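This report refers to the structure that appears directly beneath it.
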Amino acid sequence: MPEDDGGSASTGSGTQDGDGVTEPRTQDGSEATESGTQTENGVTDGGTAGDGAGTDEVEQLPVEPTLARVRTTRRLQAVGFAVAITVGLAASTLHWVGLVFGGMVVGLVARTLPRALVAAAGFGLFVLGAFAFSLGGSIQPVVEMAPVTYLLIASAFGLPMLGALARGIV
Amino acid sequence: MVSAVQTDVTRRGVLAATIVAGVLGISISEAGDLFEQFAPLSGSAWRAAGRERPDSLESPHGPATVTIDAEGVPHVEAEDERGAYYAVGYQHGYDRLFQLDLQRRQMRGELSAVVGDVTLESDEFHARMDFPEAARSTWEGVRETHLGPLVEAYAEGVNAAIDDHPLPLEFELLEFEPKPWTPTDCFLMEKQITWSLTGNFRALRRAVARDQLEEPVFEGLFPERMDHDVPILRIDHDHAELLGEVRGVAADGADGDPENASDGNDSNESTDARSALADWLTSFESTPGVGSNSWVVSGDHTDAGTPILANDPHLELLTPPIWYEQRVRTPETDVRGVTFPGVPFVIIGANQTTAWGVTNVGADVLDCYTYEFDDEDRYRYREEWRELETEAHEIEVSGGENRTITRRRTVHGPLLEREDERVGVAWTGLTATRTIQAVYDLGRAEGVEAAVEATRQFDAPTQNLVVADADGGTAYVVTGRIPIRRIDGEVVDGNRLFDGSAGEGEWDGYTPYGDSDWSGFVPFEEKPHALNPDVLATANQRVADDPDHYLGVAYAEPYRGQRIYDVLDDTLEGTTAGDTDLEFHRVLQTDTRDERADHLLATLLEAVDQSEAAHEGRESLEDAVETLSSWSQHMDRDEPGALLFARWLEHYREWVLEPLFEGTSLDESYAPNDWIVAELEPGSPVFEAHERSRAELMVEALRDTLEERDAEGWDGYGDWNTTSPISHPFGAEAPFLNYESRAADGSRATVNNYRVESAVGASWRMVSQPGGEAWGIVPGGNSGDYFDEQYDTQFGRWVDGEYKPMPLETPAPVDAFHVVTFTEVDDA
């Protein structure tokens, strides 16, 4: 599920990405670099909050530098997605809230909220694939279980996407 | 900047709130329950999809091998019968666990504990009847016999399957778990079967009908006897020699007691009608239309020179089927056939030498008693006032308030009550019965003689049993205990309400919920028999014109019996051996010719031709007349004529009966059968109650039929006659559990029996040549597990009238669906 953050995100102007969503600029107005020393939320690597002052610094949610680096580094992000999917999948076998959690952790690795939603949907697809695999020979009867199948598909996509909204928070 | 930050904070807050509210909202709503059940990976329902048949298991009763063939039929083989029936129990527990538990709950009056108050009325009825106590007394009688350990092993096998596997889907959907299976539960299943075949309050309902209808109308709709000449035992000069040695009926021309043969006689003018009680009880009677076909022809009329036997019981068609096919091979026997899940032994089937089948007699084995009560709620019994036996019973209700009822009993049995109306009930199934021994002995019978002997212990239900063996033997026996009633020392029939306070009509030798000695019942030798008949057919019609003893009144209309005898007579008359083969009997068993058309069609066409009303709008009826005139009289799915006739008959019944029932409490359950309606002549008092003649009603019904057909867009019979009524008990809530809806052949009057109005029909078809081939099929699949490959594999073939072979031969492992090996438990 890793998304191609390529150079466009890291070297772009920071005003708008391919999703048409305004990317937050760094506190000092500089662009994030590929090295990941500065995140899209404007928090510099090392935990210091730029040169902004007062209220702005207090109201900015701190983002762990590691997470920021994961989001902006292709290889790390791929690993992050892999870990998130694995953890999410494990959680999804326990309870339906696990699907929300799975969507959340997958979404947190994504670089933007829209991409988090797409990633969560992808996670839902992955869950459905794992579910189909777990059914073995029972897959056909399950497919024929309308309207349960509608619920099944809706929950596979909807619940992770609900969790992925967390990307808009952190 | 501050504003942007505040907006950002607000946005985050909204998102956080959305997530929290979303999760909490789902959790506390019904959606949360649905996700608990159906979310991918974690949904509880999917545990059921993970059920897998084991390859090997341990058994406390020794080794056994279960080879499940390609049709899902288990072939159980063991050296020790206990090992075999442990494996049988395991198979029933694996394949039909929900069905087992649901039927048990129904008979115990415990449905509401899992489905809520919608089944409270049913639970109250079953609790008042106290079937479990009758099952317990039956098990007490069996426990110390040879069968006791086999039944115990069977129950252990069911419980092992419960313990070893995730529960079937229905348990996950309804969110409950089954209690362990007990030997008593096996006998509860026996009571359930017996009730479904013989539990009716016809006498009570007749009393209500008599009370509410004018006497001439009542006499027209409830005649003493259906005037047909095709009883099971045709002792007329033309056919008597085909019956072999006949017992229990008067010879042709002898002075019999016609009352004994009545189809609807009600000699007791009871005005003590209990309509509220009767209406309530109607809901719990045996399903209308429950019946069956069976016949046997001797080896003189088969190509192989040995008899052929056919049987198709017409019971409720459900998903999964009520029958379970199995084969059990032990040193004692090798028997294959069908049983009801919960009953260890084959009920209908064949072993190496002998085949047998059953149909319902329609015997009267339930009586209702009225009482005189005093102010202290004591009832008078003969010369004394007696206290009712009472017991508080709580009915658990899921999601509602539990209901506590007071169970009451009189000397005759349970006291059923509704709106201050009360009757005591005696029913032959409410005492200890030995039927299980008879069923077991039938499975081991080496010939007709042993099979007939086995039926001595077939205490309930009353059945027409036909049997044939590889040596050429054939027989017909009426099974079951049949009470003899007396009033003031004089024998009377049972189709009435009895004065329980006066001790009228009591059954000598009957002890409700205890051991009965049956001393006052019809002796075995005096029940109708036919030994070594050449040709004999049963289709729930009157057993005989003049039986030695009153049997009952709940006989079916004679259409199916007529058709079977007509085909057999036409084929076998004057011919020699080698006339019929198994294919001939399979074709007859799926025959769709409707004898009602012979009874009514010409009259209808004549009515259309002569009716003035018809002339006024004749154009609209001409096509219908042409369709009906050219119709083959077969109820086949693509026949437009069959559609018109079937729907016309329904409309005609409505035109005739509804005005008569208006202003009364009588509903469809009181309606007479098609034969009686067809027999109503133009001058019948029934039509005097109408403003129009019979012919006019017939034409009006045809107009209604055409309007309905056009409105519904129907073309062929199968557009209306579909299998959609065949449903799972929870098919309305979970429609995927139902079988696919298919266009079907057959009607309630055809040999190929399918009653779309009540989902009753051929619940098992079997044609067997003892010692040779046998064929059979169930309407669905042998497995009741929705996720199992064998869930519905036979359904389409059943609809199309096809069969599958049922050999006494274990398939090679490579050809098997699955093989389970049971090994001795290693105590070490």
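The values are calculated or read from the model by the stated rules, or taken from the named source; none is laboratory data. What you see is a predicted model, and the numbers here were worked out from it, not measured in a lab. All Cβ positions, glycine included, derive from the backbone under ideal geometry; neighbour counts span all protein chains shown. Side chains are part of the model used for accessible areas, which takes the heavy atoms of the whole protein and leaves out ligands, DNA and RNA. Shrake-Rupley method; radii C 1.70, N 1.55, O 1.52, S 1.80 Å.
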Just the residues that are assigned to a helix (DSSP H, G or I) and among the hydroxyl-bearing types (Ser, Thr, Tyr), please, taken from the range B:684-714. B:THR705
Pull up the range B:259-281, narrow it to residues that are modelled with pLDDT of 50 or more and open to solvent by 40 Å² or more (accessible area, probe 1.4 Å), then point me to the one that is farthest from the chain's Cα centre (by Cα). B:ASP272
The range B:621-677: number of residues that are closer than 21 Å to B:ARG560 by Cβ, part of a loop (DSSP other than H, G, I, E, B) and aliphatic (A, V, I, L, M): 2
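Results for (1) touching a strand residue (DSSP E or B) at 6+ places or on another chain (Cβ under 6 Å); (2) under 30 Å from A:ILE153 (Cα atoms); (3) within 14 Å of chain A (Cβ to nearest Cβ), shown as yes or no for each residue.
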{"position": "B:VAL14", "(1), (2), (3)": "no, yes, yes"}
{"position": "B:HIS75", "(1), (2), (3)": "yes, no, no"}
{"position": "B:ASP80", "(1), (2), (3)": "no, no, no"}
{"position": "B:ALA87", "(1), (2), (3)": "yes, no, no"}
Is it fair to say B:ALA70 is part of a helix (DSSP H, G or I) and either farther than 27 Å from B:VAL825 by Cβ or within 10 Å of another protein chain (Cβ to nearest Cβ) (or both)? no
In the set B:GLN541, B:GLN562, the lone residue that is part of a helix (DSSP H, G or I) and in contact with a helix residue (DSSP H, G or I) (Cβ under 7 Å, 6 or more places away or on another chain) is B:GLN562
Tell me, which residue of the range A:138-158 that is in a helix (DSSP H, G or I) and facing another protein chain (nearest Cβ under 7 Å) is most open to solvent (accessible area, probe 1.4 Å)? A:LEU151
Test B:GLU110 against the criterion of being open to solvent by 10 Å² or more (accessible area, probe 1.4 Å), away from chain A (no Cβ under 14 Å) and assigned to a loop (DSSP other than H, G, I, E, B), and give yes or no. yes
Looking at the range B:101-116, can you tell me whether even one residue there is among the hydrophobic types (A, V, I, L, M, F, W, C), without any contact (Cβ under 8 Å) to a residue 40 or more places away in the chain and within 24 Å of B:PHE171 (Cα to Cα)? yes
Name the single residue that is most open to solvent (accessible area, probe 1.4 Å) among those in the range B:687-702 being modelled with pLDDT under 90 and not small (Gly, Ala, Ser). B:GLU691
Filtered residue count, the range A:90-113, keeping only those that are at the interface with chain B (Cβ under 10 Å from one of its Cβ atoms), open to solvent by less than 10 Å² (accessible area, probe 1.4 Å) and assigned to a loop (DSSP other than H, G, I, E, B): 1
Unique residue being assigned to a loop (DSSP other than H, G, I, E, B) and open to solvent by less than 40 Å² (accessible area, probe 1.4 Å) when the list is B:TRP195, B:TRP181: B:TRP181
Go through B:ARG51, B:ARG12, B:ARG47, B:ARG96 for me and flag whichever is under 30 Å from B:TYR803 (Cα atoms) and modelled with pLDDT under 95. B:ARG51
Applying the selection to the range B:297-316, what residues are under 27 Å from B:ASN673 (Cα atoms) and buried (at least 24 other Cβ atoms within 10 Å of the Cβ)? B:ALA310, B:ASN311, B:ASP312, B:PRO313, B:HIS314, B:LEU315
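Here's the yes/no breakdown for (1) at pLDDT below 95; (2) open to solvent by 20 Å² or more (accessible area, probe 1.4 Å):
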site: B:ALA556; (1), (2): yes, yes
site: B:ASP569; (1), (2): yes, yes
site: B:ASP579; (1), (2): yes, yes
site: B:HIS585; (1), (2): no, no
site: B:THR592; (1), (2): no, no
site: B:THR603; (1), (2): no, yes
site: B:ALA607; (1), (2): yes, no
site: B:HIS615; (1), (2): yes, yes
May I ask you to list the residues in the range B:533-555 that are at negative phi and in contact with a Phe, Trp or Tyr (Cβ under 9 Å, 6 or more places away or on another chain)? B:PRO533, B:VAL535, B:LEU536, B:ALA537, B:THR538, B:ALA539, B:GLN541, B:ARG542, B:VAL543
I'm told A:ALA116 meets every condition in (1) under 9 Å from the mean Cα position of the chain (by Cα); (2) within 14 Å of chain B (Cβ to nearest Cβ); (3) in contact (Cβ under 8 Å) with a residue 60 or more places away in the chain except one. Can you identify the failing condition by its number? (3)
Of all residues in the range B:33-58, how many are free of Cβ contacts under 8 Å to residues at least 12 places away in the same chain and either within 8 Å of chain A (Cβ to nearest Cβ) or of a type in the set (Ser, Thr, Tyr) (or both)? 10
Among the candidates B:ARG136, B:ARG128, B:ARG82, single out the residue that is part of a helix (DSSP H, G or I) and touching a Lys or Arg at 6+ places or on another chain (Cβ under 7 Å). B:ARG128
Check on B:SER27, within 14 Å of chain A (Cβ to nearest Cβ), without any contact (Cβ under 8 Å) to a residue 24 or more places away in the chain, open to solvent by 10 Å² or more (accessible area, probe 1.4 Å) and of a type outside the set (Lys, Arg): yes
Name every residue in the range B:83-107 that is open to solvent by less than 20 Å² (accessible area, probe 1.4 Å) and of a type in the set (D, E, K, R), in order of residue number. B:ASP95, B:ARG96, B:ASP101, B:ARG104
Could you say which residue among B:ALA744, B:ALA812, B:ALA732 is of a type in the set (A, V, I, L, M, F, W, C), more than 17 Å from B:GLN326 (Cα to Cα) and without any contact (Cβ under 8 Å) to a residue 24 or more places away in the chain? B:ALA732
Flag for B:PRO528 being within 25 Å of the chain's Cα centre (by Cα) and surrounded by 19 or more Cβ atoms within 10 Å (Cβ to Cβ): yes
Can you tell me which of B:SER611, B:SER620, B:SER665 is hydroxyl-bearing (Ser, Thr, Tyr) and under 26 Å from B:ARG205 (Cβ atoms)? B:SER665
So, B:SER727, is that one within 14 Å of chain A (Cβ to nearest Cβ) and either at pLDDT below 95 or open to solvent by 10 Å² or more (accessible area, probe 1.4 Å) (or both) or not? no
Read through the list (1) open to solvent by 30 Å² or more (accessible area, probe 1.4 Å); (2) touching a helix residue (DSSP H, G or I) at 6+ places or on another chain (Cβ under 9 Å); (3) within 15 Å of B:ALA39 (Cα to Cα), then give the number of the only condition that A:GLY129 fails. (2)
